[in-house]
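Undergrad: Below you'll find the structure I mean.
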Amino acid sequence: MSSKPAILRFQFTGKPTALALKTGLFCLLFSLLPLSAVAKQPQGPLRISESGWYDARLPVPVLHVEGSIEDVARDHGKLVKLYEKQDGRATLDYFSSILERHLRAYPLAIRFPWLGDLFLWLERRFVSEPMVDHLPDDYEAAFKAMAAEVGFSEQQMWDALTVPDAALWLLSLSSSPEKGPDLPTSFGCTSVIWNTGTDSVLHGRNLDYDGVGYWDRKPLILHVVPKEGLAHVAVTSLGVHATGITAFNEAGLTLAVHQLTTEDTQTAGTPVTVISAEVIRGARGINEAVSIISHFPRTAGWAYVLSQGRDRAVVETTASELAVRRSSDPFFFQTNHVGTPPLAKKQIFRGTGNWIDTFERGERLAAFSALNEAARATPEKMARILGDRTRAPVAGAREPFVEAVAGGTIAKLDNIQSVIFDASRRRLWVAVGSPTQAPNESRYVEYRWSDLRSPARPVLTGNTVRAPGPENALRRLLRQVNIRRAQAGSGDEAAAELRETRKKLLTEYVTRAAAAAANQTRWPGLYLYVWSEMKNRALTKAEPKDAAELLNILDVALADADLARDTAYARHRKSIGLLTRARLLDLTGDREAAIATYRLTEATAPFEQTRKSAKSGLGNAYTWKGARKLGIDWAVIDLHSI
């Protein structure tokens with residue numbers, strides 16, 4: 001008997017979407033044209049199938065698809081193949097190979113390449129394969145059909161589909177995640193559900209994840225009219241067939257999935273991409289959404305943030321437990337930590353930086369809530385929150401909102417998509433980024449549907465919502481660094497050139513950040529450059545003079561006024577900087593000064609992992625070999641492997 005979960009079946013009794021004869025004739029004539037040529041010069045909506053079309057002329061292109069679960073996935077695959085020469089497969093390629101690249105980058109696998117092959121085989125056999133075994137038959141067939149259209153092997157498709165869940169399972173293997181492998185970054189998401197009036201809300205959502213320069217370069221609005229179930233609109237990326245990660249449906253239900261890192265995981269579960277797709281396809285309300293989520297075997301920790309009318313809730317899950325937090329608060333928010341006490345006991349964090357980041361964003365949102373408790377939401381206000389780059393207020397401070405480069409800001413450096421839903425009115429605002437600017441720091445364009453079951457194009461209203469404030473030069477540079485870091489995953493000449501470009505960007509960042517630090521306006525996070533160079537120079541013949549150079553740069557960051565704030569977050573950043581300073585002193589040969597700094601770090605660090613690292617430094621002098629093991633979290637300017 002199959003262990004696969006059954007999907008829910010629906011019978012829709014509304015008005016069917018019959019295709020006019022003239023449209024059928026058009027399809028017949030259109031099929032005679034060379035599609036690759038059409039893709040280069042779209043003059044109107046591009047016909048993908050009998051009922052599917054794609055409009056690339058819009059600021060964020062729209063793919064309209066109809067039919068079965070398999071039909072919908074197949075049409076998406078056709079579109080990816082059609083735009084293959086325009087990097088249509090780039091995002092899918094990236095996510096299908098990301099876990100392999102991380103496993104092969106593990107220190108032992110670099111030293112013994114055959115271990116990389118073994119790690120990958122083990123991950124596929126004992127992690128991804130059981131997840132694929134728990135796909136409902138319709139979804140397994142759908143992803144196979146998409147793979148065939150794209151030109152992927154089935155294994156490549158399974159690698160891409162299971163990577164979010166597989167990474168969480170691998171992370172849970174270690175009770176001390178900071179010592180774990182350099183896995184893909186977490187879903188560092190933020191959701192805000194805010195009343196607009198007596199009967200509706202706006203649901204704003206930041207999607208922060210690995211894939212900067214890929215996902216955000218090919219954003220896609222996917223409008224689905226299923227053969228069975230509810231019509232829905234999902235915001236994703238070309239090639240990423242995730243119809244429920246960020247979506248709303250014709251019943252007015254909105255859904256945003258956030259990652260929760262817990263020790264309660266399993267491989268015998270259904271990937272979150274499929275569970276969320278079933279929720280948005282099948283749930284007419286929050287109670288039905290909870291029922292669908294509980295129906296599936298789950299792999300790891302996920303939060304399903306839901307709204308419908310004035311009702312809102314977050315369903316927090318682990319592999320074995322589920323808890324629902326409902327709220328009547330006019331301003332309701334969720335980041336990436338568990339809010340239900342029993343589940344919170346099972347929570348782990350990839351590193352201190354992730355722990356700090358989610359709670360500091362939560363405090364910042366709580367401050368917004370206090371200021372806006374009686375106010376009504378507007379798209380402009382929501383965009384201001386999603387793009388906020390300031391630290392949480394400090395009691396007694398003359399300037400309560402201090403702009404920061406990163407760490408604790410709602411607008412994160414790894415933002416790849418931001419949306420605002422008004423599901424009750426079938427309205428959607430999607431952020432449009434640029435090569436140098438994150439989507440939520442740019443502008444939002446509004447789309448509106450009159451009927452989600454209609455094949456008609458949405459109306460692009462022309463209403464543009466601008467994100468707050470001017471472009472931040474330091475964040476722009478770091479975003480470009482993130483893009484180069486993602487692109488430089490291989491060892492060929494192109495990758496070497498990308499790494500050199502990244503080095504130049506970081507050098508420019510140091511110059512600008514030092515000037516910002518001199519003005520004492522924000523913590524510039526020069527640690528990123530220092531850690532990056534420590535790791536890079538450790539791979540060459542590094543000398544004491546290299547350490548002395550990095551020590552001078554680090555001292556600029558340590559002198560910044562933002563680190564003097566009396567918060568656990570500032571104390572952590574200060575202590576991890578002091579730990580780095582002690583290590584650099586060791587590398588210069590000044591052991592006496594290093595010991596004194598290790599002692600200061602051990603006495604003042606608020607987190608155990610930093611204290612342990614300082615104690616280790618007291619026993620043994622730090623070497624360049626140790627610098628090779630540094631794991632840098634670029635999104636929050638921290639270390640996940642000290």
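Undergrad: Among the strands (runs of 3 or more DSSP E) confined wholly to the stretch 199-249, which include 3 or more residues that are farther than 17 Å from Ser276 by Cα?
TA: 201-208
Undergrad: Please return the ranges of helices (runs of 4 or more DSSP H) entirely within the stretch 30-146 where 2 or more residues are modelled with pLDDT under 95 and closer than 29 Å to Thr461 by Cα.
TA: 35-40
Undergrad: Considering every residue within the stretch 166-182, establish whether at least one is open to solvent by less than 20 Å² (accessible area, probe 1.4 Å), at pLDDT 90 or above and touching a helix residue (DSSP H, G or I) at 6+ places or on another chain (Cβ under 8 Å).
TA: Scanning the stretch 166-182 turns up at least one residue that is open to solvent by less than 20 Å² (accessible area, probe 1.4 Å), at pLDDT 90 or above and touching a helix residue (DSSP H, G or I) at 6+ places or on another chain (Cβ under 8 Å).
Undergrad: Sticking with this structure for a sec: Any idea which residue in the stretch 123-144 is farthest from Gly229 (Cα to Cα), counting only those that are crowded, with 19+ Cβ neighbours inside 10 Å and of a type in the set (Phe, Trp, Tyr)?
TA: Within the stretch 123-144, the match that is farthest from Gly229 (Cα to Cα) is Phe143.
Undergrad: Let me ask you something else. Looking at the stretch 336-357, which of its residues are over 19 Å from Trp169 (Cβ atoms), surrounded by fewer than 24 Cβ atoms within 10 Å (Cβ to Cβ) and touching a strand residue (DSSP E or B) at 6+ places or on another chain (Cβ under 6 Å)?
TA: Gly339, Thr340
Undergrad: Consider Asp562 against the criteria (1) under 25 Å from Lys625 (Cα atoms); (2) buried (at least 21 other Cβ atoms within 10 Å of the Cβ): it satisfies all of them except one. Which criterion is unmet?
TA: (1)
Undergrad: Restricted to the stretch 611-623, and to residues that are over 31 Å from the mean Cα position of the chain (by Cα) and open to solvent by less than 40 Å² (accessible area, probe 1.4 Å), which residue is nearest to Ala542 (Cα to Cα)?
TA: Tyr622
Undergrad: Turning to a different aspect of this structure: Which of the residues belonging to the stretch 262-274 are under 19 Å from the mean Cα position of the chain (by Cα) and open to solvent by less than 10 Å² (accessible area, probe 1.4 Å)?
TA: Passing the criteria: Thr262, Pro271, Val272, Val274.
Undergrad: Do the conditions hold for Ala234, that is, is it modelled with pLDDT of 95 or more, closer than 28 Å to Asp311 by Cα, in contact with a Gly (Cβ under 7 Å, 6 or more places away or on another chain) and buried (at least 24 other Cβ atoms within 10 Å of the Cβ)?
TA: In short, yes.
Undergrad: Related question: Specify the residue that is farthest from Leu526 (Cα to Cα); the eligible residues are those in the stretch 560-578 that are among the aliphatic types (A, V, I, L, M) and out of contact with any strand residue (DSSP E or B) (no Cβ under 9 Å at 6 or more places or on another chain).
TA: Ala568
Undergrad: If I filter the stretch 404-461 down to residues being in contact with a helix residue (DSSP H, G or I) (Cβ under 9 Å, 6 or more places away or on another chain) and of a type in the set (Asp, Glu), which single residue comes out as farthest from Ala568 (Cα to Cα)?
TA: Among residues in the stretch 404-461 that are in contact with a helix residue (DSSP H, G or I) (Cβ under 9 Å, 6 or more places away or on another chain) and of a type in the set (Asp, Glu), the one farthest from Ala568 (Cα to Cα) is Glu446.
Undergrad: Look at the stretch 428-471 and say how many of its residues are surrounded by fewer than 16 Cβ atoms within 10 Å (Cβ to Cβ) and either assigned to a strand (DSSP E or B) or of a type in the set (A, V, I, L, M) (or both).
TA: 9
Undergrad: Within the stretch 67-122, restricting attention to residues that are among the acidic types (Asp, Glu) and within 30 Å of Val233 (Cβ to Cβ), which residue is surrounded by the most Cβ atoms within 10 Å (Cβ to Cβ)?
TA: Checking each candidate, the answer is Asp75.
Undergrad: Residues of the stretch 237-269 being touching a helix residue (DSSP H, G or I) at 6+ places or on another chain (Cβ under 8 Å) and within 20 Å of Ala423 (Cα to Cα), which ones?
TA: Answer for the stretch 237-269, where residues must be touching a helix residue (DSSP H, G or I) at 6+ places or on another chain (Cβ under 8 Å) and within 20 Å of Ala423 (Cα to Cα): Ala242, Thr243, Gly244, Ile245, Ala247, Phe248, Asn249, Gly252, Leu253, Thr254, Leu255, Val257.
Undergrad: Just the residues that are open to solvent by 10 Å² or more (accessible area, probe 1.4 Å), assigned to a helix (DSSP H, G or I) and either of a type in the set (S, T, N, Q) or free of Cβ contacts under 8 Å to residues at least 12 places away in the same chain (or both), please, taken from the stretch 275-311.
TA: Answer for the stretch 275-311, where residues must be open to solvent by 10 Å² or more (accessible area, probe 1.4 Å), assigned to a helix (DSSP H, G or I) and either of a type in the set (S, T, N, Q) or free of Cβ contacts under 8 Å to residues at least 12 places away in the same chain (or both): Asn287, Glu288, Ser291, Ser294.
Undergrad: Take Arg389 and tell me if it is open to solvent by 20 Å² or more (accessible area, probe 1.4 Å), of a type in the set (D, E, K, R) and at pLDDT 85 or above.
TA: In short, no.
Undergrad: Right, something else. Would it be correct to say that Asp590 is charged (D, E, K, R) and in contact with a Phe, Trp or Tyr (Cβ under 7 Å, 6 or more places away or on another chain)?
TA: In short, no.
The values are calculated or read from the model by the stated rules, or taken from the named source; none is laboratory data. All figures in this text were calculated on a predicted structure; none of them were measured in a lab. When we count neighbours, we look across all protein chains shown, and the Cβ atoms used for this are built from the backbone with ideal geometry, even at glycine. When the accessible area is computed, the model is the full protein with side chains, heavy atoms only, and any ligands, DNA or RNA have been set aside. Shrake-Rupley method; radii C 1.70, N 1.55, O 1.52, S 1.80 Å.
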